[in-house]
1. Arrange the peptides 76-84, 58-66 so that the one whose residues have, on average, the most other Cβ atoms within 10 Å appears first.
2. How large is the Rg to Rh ratio of the chain when both quantities use alpha carbon positions and Rh follows Kirkwood?
3. Sum -39500 (n - 2.57) across every DSSP H segment of at least 4 residues in the chain, then divide by the residue count to get the 222 nm mean residue ellipticity, nearest 500.
4. Could you work out what % of the accessible surface of the chain is carbon and sulfur, using a 1.4 angstrom probe and leaving DNA, RNA and ligands out of the count?
5. Cβ neighbours within 10 Å, averaged per peptide: list 18-29, 101-112, 125-136 in order, most packed at the top.
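The values are calculated or read from the model by the stated rules, or taken from the named source; none is laboratory data. Values in this document were obtained by computation on a predicted structure and should not be read as measured data. Quick reminder, even Gly has a Cβ in these numbers, built from the backbone with ideal geometry, and neighbours come from all protein chains shown. Only protein heavy atoms, including side chains, enter the accessible area calculation; ligands, DNA and RNA are left aside. Shrake-Rupley method; radii C 1.70, N 1.55, O 1.52, S 1.80 Å.
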Amino acid sequence: MNARRQAREIAVQVLYALDATPEADASAVLAQYYDRFENDRGADEAEREPPDRGFAETLVREVSARRGELDELLTAVSKNWRLERMARVDRSILRLALYELKYRDDIPGAVTINEAIELAKRFGAAEAPAFVNGLLDSALHALDIRK
């Protein structure tokens with residue numbers, strides 16, 4: 001697994017925790033993640049490429065800072081789903097992907113959507129990949145977001 005995918009996995013987990021505890025500090029939750037999970041890496045994980053910590057930190061910081069705007073975008077494309085009805089993990093993945101689509105010109109839209117689908121496969125329910133794909137496809141077509 002490459003360093004950026006691992007960074008996205010970390011970011012989703014931290015964003016999930018922040019969604020569950022909105023008053024928490026993003027930097028503190030990220031530090032707790034590293035303290036708890038990075039020290040518990042198994043032998044097979046120790047040999048793989050380490051996560052891009054800088055990328056993970058940027059994702060967490062930027063998504064957290066733009067959460068209100070990202071939620072407005074998400075609400076605009078999710079016509080049949082209220083934000084609070086979405087699974088917390090799906091919301092976290094979608095916020096991350098919408099941030100990348102809107103603000104990261106260095107990441108192709110197709111890569112962002114593929115990565116979000118992979119995150120949904122790993123962390124979401126069985127229907128999460130299709131749900132995430134559908135909403136992000138709607139976002140690309142309905143909103144002023146680059147392709």
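1. On the way: 76-84: 12.1, 58-66: 19.2.
With the highest mean Cβ count within 10 Å placed first, the list reads 58-66, 76-84.
2. Ratio value, two decimals: 0.95.
3. The helix contribution divided over the chain gives -22500 deg cm²/dmol.
4. 47
5. Taking the mean over residues of other Cβ atoms within 10 Å, the ranking is 125-136, 101-112, 18-29.
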